[in-house]
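Engineer: One structure is given below, represented as structure tokens, and several questions about it will come after.
Nothing in this text is a laboratory measurement; each read-out follows from the coordinates by a stated rule. Note that the coordinates shown come from a computational prediction; the quantities given were computed from them, not determined experimentally. Methodologically, a virtual Cβ is constructed for each residue, glycine included, from the backbone with ideal geometry; neighbour enumeration extends over all protein chains shown.
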Amino acid sequence: MSTTQEPVVTGPLTEREILAIQHLIAEIAFAFDSGGDYAVRLGELLADDVQYENPGKTHLHSLAELVETLENSADPALSHHLSTMTVQPAGPGTATCRSKVLTFRSGGRLSVGEFTDTVRRQPDGRWQLTHRLVRPII
């Protein structure tokens, strides 16, 4: 096992880092829409101490709380569609990603919102979500 760590992000993100972060956010959307097995699917993508905020609705403080909420949801999302994504460095080893989201639910209901995500680079070079703020638009 190597003790060498990937360099932390302190300046502009490389194209490769931006693509890796965008890919992470897309994989999270697919995991949320998986209809089950959330612990396994989200376990690689989200930090154990992830914060998930949807003001006025929910504020969760861990991956375990989020998984439990998803598993017990009476109205899970069927499909998330992400667009208009920006990625910016936020400090050593962290970045912020903002994206627009359309979420389809059962019965043909649609919600529109914005995600502000904070991601952190892990020692092995992978990025993980550490915080998501959901801002409903309609």
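Engineer: Given an 8 Å cut-off on Cα distances and at least 6 residues of separation, report the relative contact order of the chain as a percent. If you can, show how the numbers build up before the last one.
Structural biologist: On the way: 259 pairs, mean separation 35.5, N = 138.
26 percent.
Engineer: Right, another one. Just add up the charged neighbours of P76: K/R +1, D/E -1, any other residue whose Cβ is under 14 Å from the Cβ of P76.
Structural biologist: -2
Engineer: Here's a follow-up. What net charge is computed for the residues neighbouring A39, neighbours being all others with C-beta under 10 Å from the C-beta of A39, Lys and Arg scored +1, Asp and Glu -1? Spell out each step's value before the answer.
Structural biologist: Values: positive: R41; negative: D37, E68, E71.
The answer is -2.
Engineer: Expected output is a single nm value to one decimal: the length gained when fully extending between D37 and V112, i.e. 0.36 nm times separation in residues minus the C-alpha distance. What is it?
Structural biologist: Details: separation 75, 0.36 × 75 = 27.00 nm, distance 2.53 nm.
Computed gain between D37 and V112 is 24.5 nm.
Engineer: Pull out the extension gain between Q88 and H61, defined as 0.36 nm times the separation in residues minus the alpha carbon to alpha carbon distance; nm, one decimal.
Structural biologist: On the way: separation 27, 0.36 × 27 = 9.72 nm, distance 2.38 nm.
Taking Q88 through H61 to full extension adds about 7.3 nm, to one decimal.
Engineer: While we're here: In whole Hz, with x marking every Gly and Pro, tabulate ³J(HN,Hα) for the range 87-100 from phi via Karplus 6.51 cos²θ - 1.76 cosθ + 1.60, θ = phi - 60°.
Structural biologist: Once θ is set to phi - 60°, the couplings for the range 87-100 become 10, 9, x, 10, x, x, x, 10, 8, 10, 10, 10, 8, 8 Hz.
Engineer: Rounded to the nearest 20 Debye, what is the dipole magnitude of the chain about its Cα centre when Lys and Arg each give +1 and Asp and Glu each give -1 at the C-beta? Each step should come with its number before you reach the end.
Structural biologist: Values: 12 positive and 17 negative charges, 100 e Å.
Roughly 480 debye for the chain.
Engineer: With a 10 Å radius around each residue's Cβ, average the other Cβ atoms per peptide and rank 131-138, 62-69, 113-120, highest first. Spell out each step's value before the answer.
Structural biologist: Numbers: 131-138: 14.5, 62-69: 16.4, 113-120: 19.1.
My ranking of the peptides, most packed first, is 113-120, 62-69, 131-138.
Engineer: Quick one: Cα centre-to-centre distance for the range 74-120 and the range 38-65, in angstrom?
Structural biologist: 13 Å
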